[in-house]
Amino acid sequence: MNKAFDIGVESLSRNGGAETAGLEAGPSRDTVHSGKFDPTDVAAAKSFGETANGGTFFLETFGCQMNDHDSEKVAGLLLSRGYRQVETPEAARMILYNTCSIREKAAQKVFSRLGEYRERGADKIIGVLGCVAQQEGQDIFKRAPWVSLVCGSASYRKLPEMLAELEAGNKRVTGLDNDTDETFETEITRRDNPWRAYLTIIEGCDKACAYCVVPHTRGPERSRGSESILREVRQLAELGYSEVQLLGQTVNSYVDPTTRHMKFSDLLLEVAQVAGIRRVRFTTSHPRDFGADIVEAIDRESKLCDHIHLPVQSGSTKVLRAMARTYTREEYLEKIALIRGAKRAISITTDIIVGFPGETDEDFAETLSMLDEAQYDGVFGFKYSPRPNTPSLALNDPIPEEVKGQRLAMIQEKQRLIQTARNLAMLGQELDVFVSNKSRRENQWSGHTTSNRVISFSSQEQELLGSYVRVKVTDSGTGSLTGTHVAG
Ligand code: SAM
Ligand code: SF4
């Protein structure tokens, strides 16, 4: 069983195995609810609550933000067809699981959920979407014959046809094509978060990291046209969203397929120009495609948030080579130097895999020393999990689970010290905070800084949710800051 931990700025992954190691990780996105539907579509708003097809659906999401956002689009599509979203599987005619298979534990969770419907699923339509669907394919019908829909993310654009087949009574509907150059665009997206809107700008992945299922489960890299992205950002701003987060497995590998041929950094700048948008985030950046132009764009435009998630995976060039990460330790450190050379301080977070086959104590010591050199503001650590259809399955020299656990704990401890010191250095600073949570405790609020740190603070104001305020840092911990509202 693999465990991971994340400490520091707000969790970048959710059910995918991240664990907060007893440290405060800030308000969960699960607690934020919104009645917003967008883009503005009157028909969609009408169909919500009506049941043109007499259908109700329950949708549960596992995994990363890309899965969260895929689910928002799938929900939008269902709502536009007259389905109604319900809060519990019991109340639903159709139960959908949008799944993650990045580590074994995440994939197992899906099968245990499906097991719950062995007997009581007879009157329901059960569907498996996402990475486990793509990975296991038709075998899901063998393991769980009560499932009717198996659809990988690269086939979501065909969901309307698949839904029509289900509505016609077909009991075995599949969408397993992952060799496509199309992206999944819907007219309606049912966003869960009232403040931060996700937008996928690039789907799939053309890198071939030896441990990773994503190229197999999400298909080849395909970028969305810049005009379409900017149109959606304008619609979001009109709906009142002030923060957008551009998503992609390798977001900075974006290549505009339209005649504008916009560079990723130019796209960032143009998104920031949209009236009403105050913060622009992007994740995940791949080190190989990370260039000085991105740092220059952040320097030029204060709406581009000062946070970069730049997964290193290992500090050892030997292990990086075995992982097929396409950069050396030294090349990665050059990217860190670029970011540290920016005119304003930029937070850097990372992902690390411990216990990749063949990782020696010396290799692991290099990963530990990477933490010292890079001075990360947050680390998501994972024990290596062998996955189907990945090249590293063929590698010898597995690392015992016990050793993986010890190495993860050592990363955790070192990062705890680094982060505590980095947060302590923020005492007395005044920061812009976007307020996203009101505590049950009187006069207590919390929100995010542009570096994505969670900060709890006191204020005498009656209503602050959704606003930007100045907060002076008065205390700090490993995972969060505390402060007081100052004028402005
Ligand atoms: N595209 C991103 C990148 O290149 O860094 C990462 C996307 S992946 C969904 C998120 C993280 O999961 C990876 O950065 C890696 O640390 C971790 N991960 C992926 N495959 C893994 C595996 N087989 N075992 C353990 N961790 C894994
Ligand atoms: Fe997986 Fe590597 Fe692609 Fe990231 S870049 S999604 S780790 S193959």
>> If a residue must be among the polar types (S, T, N, Q), modelled with pLDDT of 95 or more and not in a strand (DSSP E or B), how many such residues does the range 68-87 contain?
In response: 1
> Restricting attention to the range 304-330, and to residues there that are over 25 Å from ILE399 (Cβ atoms) and touching a residue at least 40 places away in the same chain (Cβ under 8 Å), which single residue is nearest to ligand 1 (Cβ to nearest atom)?
Replying inline: HIS309
> Looking only at the range 332-363, which residues are farther than 27 Å from HIS448 by Cβ, surrounded by fewer than 21 Cβ atoms within 10 Å (Cβ to Cβ) and not charged (D, E, K, R)?
Replying inline: LEU333, PRO357, GLY358, THR360
>> Condition (residue is within 16 Å of ligand 1 (Cβ to nearest atom), closer than 13 Å to LEU246 by Cβ and part of a strand (DSSP E or B)) applied to the range 291-303: is it met by at least one residue?
In response: no
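Here is a check on your reading of the model: is LEU431 surrounded by 13 or more Cβ atoms within 10 Å (Cβ to Cβ) and not in a helix (DSSP H, G or I)? If you could, list the steps in order and put the result at the bottom.
Numbers: surrounded by 13 or more Cβ atoms within 10 Å (Cβ to Cβ): yes; not in a helix (DSSP H, G or I): yes.
In short, yes.
State whether the residues of the range 389-411 include one that is under 16 Å from HIS307 (Cβ atoms), modelled with pLDDT of 95 or more and either of a type in the set (Asp, Glu) or assigned to a helix (DSSP H, G or I) (or both).
No: zero hits.
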> Of all residues in the range 54-82, which are under 19 Å from ARG196 (Cβ atoms), within 13 Å of the chain's Cα centre (by Cα) and hydrophobic (A, V, I, L, M, F, W, C)?
Replying inline: CYS64, MET66
> Got at least one residue in the range 190-203 being more than 17 Å from the chain's Cα centre (by Cα), touching a residue at least 12 places away in the same chain (Cβ under 8 Å) and within 30 Å of ALA324 (Cβ to Cβ)?
Replying inline: no
> Can you pull out the residues in the range 322-348 that are within 14 Å of ligand 2 (Cβ to nearest atom) and not β-branched (Val, Ile, Thr)?
Replying inline: ALA322, MET323, ALA324, ARG325, TYR327, TYR332
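Here is a yes/no grid of residues against (1) within 16 Å of THR189 (Cβ to Cβ); (2) touching a His at 6+ places or on another chain (Cβ under 8 Å); (3) aliphatic (A, V, I, L, M); (4) buried (at least 24 other Cβ atoms within 10 Å of the Cβ):
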{"site": "ASP68", "(1), (2), (3), (4)": "yes, no, no, no"}
{"site": "ALA91", "(1), (2), (3), (4)": "no, no, yes, no"}
{"site": "ILE95", "(1), (2), (3), (4)": "no, no, yes, yes"}
{"site": "LYS124", "(1), (2), (3), (4)": "no, no, no, no"}
> Within the group ASP206, ASP179, ASP192, which residue is of a type outside the set (Val, Ile, Thr), part of a loop (DSSP other than H, G, I, E, B) and surrounded by 18 or more Cβ atoms within 10 Å (Cβ to Cβ)?
Replying inline: ASP192
>> Restricting to the range 233-272, and then to whatever is within 16 Å of ligand 2 (Cβ to nearest atom) and β-branched (Val, Ile, Thr), can you tell me which residue is surrounded by the most Cβ atoms within 10 Å (Cβ to Cβ)?
In response: VAL251
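Given the criterion among the β-branched types (Val, Ile, Thr) and either part of a loop (DSSP other than H, G, I, E, B) or closer than 16 Å to LYS73 by Cβ (or both), identify the matching residue among ILE102, ILE126, ILE140.
Exactly one of ILE102, ILE126, ILE140 is among the β-branched types (Val, Ile, Thr) and either part of a loop (DSSP other than H, G, I, E, B) or closer than 16 Å to LYS73 by Cβ (or both), namely ILE102.
Looking only at the range 97-119, decide whether some residue is acidic (Asp, Glu), over 20 Å from GLY55 (Cβ atoms) and in contact (Cβ under 8 Å) with a residue 60 or more places away in the chain.
yes
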>> Conditions first: (1) among the charged types (D, E, K, R); (2) over 17 Å from TYR376 (Cβ atoms); (3) more than 12 Å from ligand 1 (Cβ to nearest atom). ARG340 passes all but one, so which condition is the exception?
In response: (2)
> Among the residues of the range 275-317, which ones are under 21 Å from THR367 (Cβ atoms) and in contact with an Asp or Glu (Cβ under 6 Å, 6 or more places away or on another chain)?
Replying inline: PRO311, GLY315, SER316
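Specify the residue that is surrounded by the most Cβ atoms within 10 Å (Cβ to Cβ); the eligible residues are those in the range 209-231 that are over 19 Å from the mean Cα position of the chain (by Cα) and more than 11 Å from ligand 2 (Cβ to nearest atom).
SER226
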> Do you know which of the residues in the range 204-259 that are without any contact (Cβ under 8 Å) to a residue 60 or more places away in the chain and of a type in the set (A, V, I, L, M) is farthest from ARG191 (Cα to Cα)?
Replying inline: VAL255
> Is one or more of the residues making up the range 260-267 of a type outside the set (Asp, Glu) and either within 15 Å of ligand 1 (Cβ to nearest atom) or within 19 Å of ASP372 (Cα to Cα) (or both)?
Replying inline: yes
>> Being buried (at least 21 other Cβ atoms within 10 Å of the Cβ) and among the charged types (D, E, K, R) is the requirement here; does GLU373 meet it?
In response: no
> Looking at the range 331-340, is at least one residue in a loop (DSSP other than H, G, I, E, B) and either touching a Cys at 6+ places or on another chain (Cβ under 9 Å) or among the acidic types (Asp, Glu) (or both)?
Replying inline: no
> Filter the range 177-202 for residues that are touching a Ser or Thr at 6+ places or on another chain (Cβ under 8 Å) and modelled with pLDDT of 95 or more; which is nearest to ligand 2 (Cβ to nearest atom)?
Replying inline: ILE202
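The values are calculated or read from the model by the stated rules, or taken from the named source; none is laboratory data. The shown structure was predicted, so the numbers you read here are calculated from the model rather than taken from an experiment. Here the Cβ is made from the backbone with ideal geometry for all residues, glycine too, and neighbour counts use every protein chain on show.
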